[in-house]
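The values are calculated or read from the model by the stated rules, or taken from the named source; none is laboratory data. In this text, all values refer to a predicted model and were calculated from it rather than measured experimentally. Neighbour counts are summed over all protein chains in view; Cβ atoms, including those assigned to glycine, are modelled from backbone coordinates with ideal geometry.
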Amino acid sequence: MSWREEYERKIMTAQEALSLIHSGDRVAVQHAAGEPSYLLEVMVANREQYRGVEIVHQVPMGKCEYCKEGMEPYFRHNSIFSGKNSAQAIAEGRADYTPCFNFEIPKLFTEGPLPLDAALIHVTPPDEDGYVSLGISVDYTRPAVTAAKTVIAQVNQKMPRTFGDALIHISEITAFVLHDAPIIELTPPKIGEIERAIGENCAKLIHDGDTLQLGIGAIPDAVLMFLKDKKDLGIHSEMISDGVVELAEAGVITNARKNFNPGKSIVTFLMGTRRLYDYVDNNPNIIMRSVDYVTNPTVIMQNDHMISINSCVQVDLTGQVCSESIGHRQISGPGGQVDFVRGATMSKGGKSIIAMPSTTKGTISKIVMDLTPGSFVTTSRNDVDYVVTEYGIAHLKGRTLLQRGKMLIQIAHPDFREDLIRQYEERYHCRYEEVAV
Ligand code: COA
């Protein structure tokens, strides 16, 4: 049978395809902007046919209806990165959360304890050799396709075709559901004065030829704004967004000096506007690889001069970084933060940067004597390297507790410094002024 005949034979309606999922199954869903929203919508609409289906999902960018109130008999969400749409369900006990590093996720599927019954994925139509592409989100989805017994694909002509681990032969997929729809877009963040100042400070730590990992949000985009005069920057990043397109088109990001994967941007997922999606479509310079490759610290470290830039919720005066909760409320996850902090630390000439505004909402200091009780430490004080705010740069690696505390107070918002100094002097039984940094 030719691949075309096999493909035709596997095309079904969404209802037919989703009836291959049974009560009690564990189902992994392609995540972020690559989410197969149509399959999830139909699954939720037909919920009466399921009992206790476990949905494993990372960053939910869609409606996340399966974890809304009333869905408990049908679905149980197992989150591996909480987001705006799932945090409430986790807080109320209607969903659960599995702590893990990003690069480990595929192993949870392939070696346990999370073997998969099914995977819901979102792909391009097949090419002339019978390969579809996972497009903008390869991450744990490629390994999930290998691990799952049943793979159901939404085929969407609007999904960009990307290369690397994104390509999957149609023989690996159980059912195809043809449904064209716009790909989820992420509105570019607002970049204000504070983000610009943080971006400018981070840019001071970046040099020609460096390879970058950029987290999500306004700060990475603000950093990119200050890199326009650099030369031959490279990308090895969990994700990229629109900011990268401008620098690539301006010839700043060339990957030319990369010692590892030269000439190529290595990414596991991407999120942005249609401009980004058109840029990566059929672009041989963008290589999408699975998350167990891209965020594996032993892979990351092979890039010399690797610079990671991520953000956080709070940093305490010893350098413990919480990036995933407000107290015990899980609002996010480690993503690739720790993987990149460690990879950059082990890279020759590498640096890891935690960059954040000094306050949230202008009224709460993000630099604190002690993390809010219940907070989860994401990047440990043993791993932390640079912390950057709009007020400056604190290089904590190799510094004592007294030095770290003083350096962090110096980049805290001025309104909170007096209070922090008082707490510091009480805790350490010393005079702040007398500590040399
Ligand atoms: N105390 C109380 N609330 C805080 C807070 C603090 N110290 N810091 C942030 N918040 C609140 C904000 O006010 C905001 O609340 P809102 O939703 O009501 O507006 C919310 O938490 C999110 O904060 P914000 O500053 O808008 O987040 P962000 O979009 O800049 O993202 C992280 C910051 C830390 C959540 C994000 O970087 C993250 O998830 N990091 C971990 C994963 C990671 O680094 N991945 C890297 C590769 S993608």
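So for the stretch 58-77 (the condition being at pLDDT below 95, of a type outside the set (A, V, I, L, M, F, W, C) and within 19 Å of Ala148 (Cα to Cα)), does at least one residue qualify? Within the stretch 58-77, one or more residues are at pLDDT below 95, of a type outside the set (A, V, I, L, M, F, W, C) and within 19 Å of Ala148 (Cα to Cα).
Please determine whether any residue of the stretch 144-151 is crowded, with 23+ Cβ neighbours inside 10 Å, among the polar types (S, T, N, Q) and either touching a strand residue (DSSP E or B) at 6+ places or on another chain (Cβ under 9 Å) or modelled with pLDDT of 95 or more (or both). No, every residue in the stretch 144-151 fails to be crowded, with 23+ Cβ neighbours inside 10 Å, among the polar types (S, T, N, Q) and either touching a strand residue (DSSP E or B) at 6+ places or on another chain (Cβ under 9 Å) or modelled with pLDDT of 95 or more (or both).
Leu227 meets all of the listed conditions (1) within 16 Å of the ligand (Cβ to nearest atom); (2) buried (at least 18 other Cβ atoms within 10 Å of the Cβ) but one, namely (1).
Note on the stretch 177-255: enclosed helices (runs of 4 or more DSSP H) holding 2 or more residues that are within 23 Å of Thr295 (Cβ to Cβ), among the aliphatic types (A, V, I, L, M) and in the same structural domain as Asp339 (by TED's automatic domain parsing) are 218-225, 242-249.
Give the stretch 152-189 a look and list any residue that's under 20 Å from Phe269 (Cβ atoms) and β-branched (Val, Ile, Thr), or say none. Within the stretch 152-189, Ile152, Val155, Thr162, Ile168, Ile173, Ile183, Ile184, Thr187 qualify. When each of Ser325, Ser365, Ser308 is tested for being more than 20 Å from Val138 (Cα to Cα), under 16 Å from the mean Cα position of the chain (by Cα) and free of Cβ contacts under 8 Å to residues at least 60 places away in the same chain, the lone residue that passes is Ser325.
Of these, Val313, Val368, Val377, which one is within 20 Å of Gln88 (Cα to Cα) and surrounded by fewer than 23 Cβ atoms within 10 Å (Cβ to Cβ)?
Val313
Does Glu104 satisfy being at pLDDT 95 or above, surrounded by fewer than 18 Cβ atoms within 10 Å (Cβ to Cβ), in the same structural domain as Leu18 (by TED's automatic domain parsing) and within 15 Å of the ligand (Cβ to nearest atom)? Criteria met by Glu104. Out of everything in the stretch 369-385 that is within 12 Å of the ligand (Cβ to nearest atom) and polar (S, T, N, Q), what residue ends up being farthest from the chain's Cα centre (by Cα)? Taking the candidates together, the pick is Thr372.
A residue that is within 12 Å of the ligand (Cβ to nearest atom), assigned to a loop (DSSP other than H, G, I, E, B) and in contact (Cβ under 8 Å) with a residue 40 or more places away in the chain can be found somewhere in the stretch 335-352. Out of the residues in the stretch 51-83 that are closer than 24 Å to Asn102 by Cα and among the aliphatic types (A, V, I, L, M), which is surrounded by the most Cβ atoms within 10 Å (Cβ to Cβ)? The extreme case among them is Val59. Restricting Gly52, Gly83 to residues that are small (Gly, Ala, Ser) and closer than 24 Å to Gln15 by Cα narrows the list to Gly52.
Of the set (1) surrounded by fewer than 21 Cβ atoms within 10 Å (Cβ to Cβ); (2) on the phi > 0 side of the Ramachandran plot, all apply to Gly335 but (1).
Just checking: which of the strands (runs of 3 or more DSSP E) contained wholly in the stretch 281-325 hold 3 or more residues that are within 14 Å of the ligand (Cβ to nearest atom)?
It comes to 306-310, 314-316.
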